[in-house]
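The values are calculated or read from the model by the stated rules, or taken from the named source; none is laboratory data. Treat the numbers as computed from the prediction; the structure is a model and nothing was measured. Methodologically, a virtual Cβ is constructed for each residue, glycine included, from the backbone with ideal geometry; neighbour enumeration extends over all protein chains shown. Remember, those area values only see protein heavy atoms, side chains included, never the ligands or the DNA or RNA. Shrake-Rupley method; radii C 1.70, N 1.55, O 1.52, S 1.80 Å.
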Amino acid sequence: MSNNTHVVDLYSQLSKNVKSKSGASTDIPMDQATGKFTPGFIERVVDKDISDTKAQVAYSERVDGRMLLLTNPFKEKKAKHSCIGDSAVLKKSGRKKITAKEKRQLKIYDIPAEARRYELFLPLHRLWSKYIESLLGIKDMAEQMADAKQQQQVLGRLIKADMHGAKLAVERSKCPNFVGISGIVAQETKNVFKLITANDRLVVVPKARCVFTLYLPSNVQCVIYGDQFMYRASDRASKKFKPKPTIDL
């Protein structure tokens with residue numbers, strides 16, 4: 001048996017039957033001088049009002065020797081960005097952010113019971129002491145704190161300081177149960193100080209309606225009002241504070 005296969009040349013001219021059924025002009029002339037398809041196609045589709053000289057100039061400047069795409073390439077949509085400071089941050093991201101409720105369920109910010117030991121936070125307190133000395137810029141703090149002008153400058157810097165690692169004691173409070181509690185600040189939120197006491201206890205003390213004694217280096221003590229610290233540590237560092245009268249408890 002023999003297989004009779006008919007080979008069709010894809011680039012051969014269409015038959016008269018196909019041309020008559022299509023109803024469109026399929027004979028695209030080639031350039032007679034060069035024998036190429038593209039110049040002839042340009043001359044065919046160009047406006048009749050344009051002279052042949054202009055068509056040849058347009059072809060030589062814009063088409064000849066260049067790679068042309070006959071279809072529009074696929075372009076991926078770029079994510080919209082919004083600039084914050086010097087960094088570009090995605091305005092909309094597909095990643096789901098963890099909520100405050102989920103953080104509480106996962107106990108992300110909880111201090112484990114085995115880590116609630118006073119001696120573990122002593123290195124943090126020593127680190128905070130060096131930090132507060134460099135922040136306030138005072139070597140002999142005991143002498144210079146006596147100066148009223150110097151004291152105002154120190155208090156202006158102190159209210160913006162990070163309190164993680166500081167030694168605090170509750171001097172006065174609307175709730176008598178908090179009076180006398182002292183320890184190292186393990187965590188600070190907008191509304192509370194979490195202190196690790198010398199008895200290895202974690203005590204949550206509210207800032208509102210409480211007056212604290214802050215222990216600074218060189219045996220200097222400073223009284224701070226919790227109502228004036230009712231901000232997150234990061235927000236307090238960039239906030240501009242105005243002097244306000246404080247109503248004593």
Among the strands (runs of 3 or more DSSP E) contained in the stretch 152-249, which hold 3 or more residues that are aliphatic (A, V, I, L, M), open to solvent by less than 60 Å² (accessible area, probe 1.4 Å) and within 30 Å of Ala113 (Cβ to Cβ)?
167-173, 182-188, 192-196, 202-206
Check on Glu119, of a type in the set (Asp, Glu), modelled with pLDDT under 90 and assigned to a helix (DSSP H, G or I):
no
